[in-house]
1. Would you mind ranking Leu113, Leu354, Leu267 so that the residue whose beta carbon has the fewest other beta carbons within 10 Å leads the list?
2. Would you mind ranking His348, His313 by Cβ crowding within 10 Å, fewest neighbours first?
3. Sort 17-28, 224-235 by packing, meaning the average of other beta carbons within 10 Å per residue, with the highest value first.
4. Which aspartates and glutamates, on any chain, are close to Lys412 with Cα under 18 Å apart, when same-chain ones fewer than 8 places away are left out?
5. Taking the Cα centre of the chain as the origin, how large is its charge dipole in debye, to the nearest 20, when only Lys and Arg (+1) and Asp and Glu (-1) carry charge on their Cβ atoms?
6. Please give the peptides 300-312, 426-438 ranked by average Cβ packing (other Cβ atoms within 10 Å per residue), highest first, as a rough proxy for protection.
7. Top mean-square fluctuation among Tyr86, Tyr161, Tyr289, Gaussian network model of the chain, C-alpha springs under 10 Å?
8. By the gyration tensor of its Cα atoms, with a ≥ b ≥ c the square roots of the eigenvalues, what is the shape of the range 349-443: rounded for a/c under 1.5, prolate for a/b over b/c, or oblate?
Amino acid sequence: MRMSRYFLPVLKEDPAEASIVSHRYMLRAGMIKQATAGIYSWLPLGFKVLRKIEDIVHEEQAKAGHLPMLMPTIQSTDLWKESGRYEAFGEEMLRFKDRHDREMLFTPTAEELITDIFRAHVTSYKDMPLTMYQIQWKFRDERRPRFGVMRGREFYMKDGYNFDLTKEDALHAYNRHLVSYLRTYERMGLQAIPMRADSGAIGGDDTHEFLVLAETGESEVFYDSAVTELTFGDRDIDFDDKAQCQAIMEEFTTKYARTDETHDEALFNEVPEARRKSARGIEVGQIFYFGTKYSDAMNAKVQGPDGKPVAVHMGSHGIGVSRLLGAIIEASHDDKGIIWPEGVTPYHVGIVNLKQGDEEADGACEALYKEFTTAGLEPLYDDRNERAGGKFATMDLIGLPWRITVGPRGLKNGVVELTSRKTGDSVEMTPAEAVARVKDIYAGL
Ligand code: ATP
Ligand code: MG
């Protein structure tokens with residue numbers, strides 16, 4: 001992409017309405033624009049990162065064997081009356097009527113709709129286990145929408161649902177989701193810690209939330225600092241292997257880590273004092289096992305191996321896809337702007353031309369641009385006729401992890417400069433070396 005042809009409405013001043021850094025930088029970097037309270041338009045740069053995050057979620061779900069699908073945002077209220085949640089959801093649910101006076105709602109989650117699909121088509125235990133998911137817009141009429149995309153009213157969420165014959169199988173689905181989520185967040189450069197949580201309006205006994213530690217987080221959390229040392233890394237996973245998934249689940253959840261709703265002071269005090277931490281966290285996902293709550297209420301039964309009807313065991317699993325942009329920025333920024341982790345960066349490398357119009361500099365930039373593009377990488381080339389200082393400020397604000405600076409003076413010696421956004425370190429090298437280095441960095445991602 002060439003900056004001269006891009007739509008990047010960068011703001012010079014801090015917007016008054018943004019109280020936390022991720023919201024501020026998303027507005028300043030021209031990623032989003034508020035349409036009305038808690039509802040945002042996604043401008044090209046923001047949309048690009050949203051897509052990257054969505055792609056990672058899809059890829060990791062595919063590895064876990066979960067089937068992508070898509071359900072509508074608008075639903076009739078009938079199924080919700082059947083499950084009993086029409087009342088339970090309260091004012092967070094946006095309700096309205098169509099022209100025939102039928103009661104409708106904008107989906108805040110989709111347990112009812114998917115259970116209805118399941119009961120219509122699955123009649124035998126032989127068609128299970130089954131896990132389907134979608135990434136779809138949700139609406140919750142939050143009392144206090146704030147912090148930009150972190151607590152919106154309209155937000156983009158991955159929601160998945162598993163249907164299993166037995167509790168044991170459903171707990172495997174739970175563990176499988178936990179493992180798959182750990183991988184998902186790590187690929188985004190995030191440490192998201194599974195913490196025992198409260199199940200809220202979804203219902204059920206077993207549930208973990210995934211929290212990213214950040215001062216601006218809305219949740220209060222208590223944990224054994226040993227949990228922050230766990231990393232998933234590139235372990236080889238067989239998602240059908242119950243024992244392996246269970247072992248990983250235990251590894252990541254047995255040490256004390258809880259949100260305030262489930263916090264247990266006595267248990268917490270058993271953790272050695274030096275490792276006892278309390279902090280703030282951002283909830284970026286949650287997994288639930290709720291047994292037969294919905295299948296009982298909605299009569300979702302299948303024929304078991306002995307021919308008798310059995311209510312299916314279910315769980316649901318969510319990732320806050322749009323909230324993740326905010327969470328990643330909260331976890332990775334400095335006073336100049338965003339620092340995107342390589343896994344989600346909107347463009348792989350920025351090219352800054354220090355002297356637009358200089359034949360040699362222009363030529364070198366064009367050559368770099370072409371080489372990256374041919375290699376399947378996406379460069380963002382600042383080809384505007386602007387001061388170098390302004391170009392650097394924009395690049396720092398939008399946070400691409402790598403920048404190549406090209407100027408006539410360096411080119412006289414045959415070099416350009418490769419700069420890391422994170423460390424600020426710059427190294428001079430030939431353009432060919434810079435291309436090779438950047439290709440190398442992204443080779444494993
Ligand atoms: P919260 O406690 O933050 O209100 P929740 O527990 O009600 O969230 P879930 O039903 O677990 O939310 O939804 C799954 C994920 O969707 C959450 O983990 C969160 O990342 C995201 N999410 C929920 N509400 C919002 C919102 N209003 N804006 C943006 N993302 C949200
Ligand atoms: Mg939740």
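Any read-out appearing in this document is the output of simple, stated calculations on the displayed coordinates, not a laboratory observation. Note that the structure is predicted; figures quoted are calculated from it, not measured. When we count neighbours, we look across all protein chains shown, and the Cβ atoms used for this are built from the backbone with ideal geometry, even at glycine.
1. Ordered by Cβ neighbours within 10 Å, fewest first: Leu267, Leu113, Leu354.
2. His348, His313
3. Values: 17-28: 20.1, 224-235: 13.4.
Sorting 17-28, 224-235 by mean packing, highest first, produces 17-28, 224-235.
4. Asp358, Glu359, Glu360, Asp362, Glu366, Glu428, Glu433
5. Values: 56 positive and 72 negative charges, 242 e Å.
In debye, rounded to 20, the chain gives about 1160.
6. Values: 300-312: 14.5, 426-438: 16.4.
Per-residue Cβ counts within 10 Å, averaged per peptide and sorted highest first, yield 426-438, 300-312.
7. It is Tyr86.
8. On the way: a/c = 1.36, a/b = 1.11, b/c = 1.23.
It is rounded, given that a/c, with a ≥ b ≥ c, falls under 1.5.
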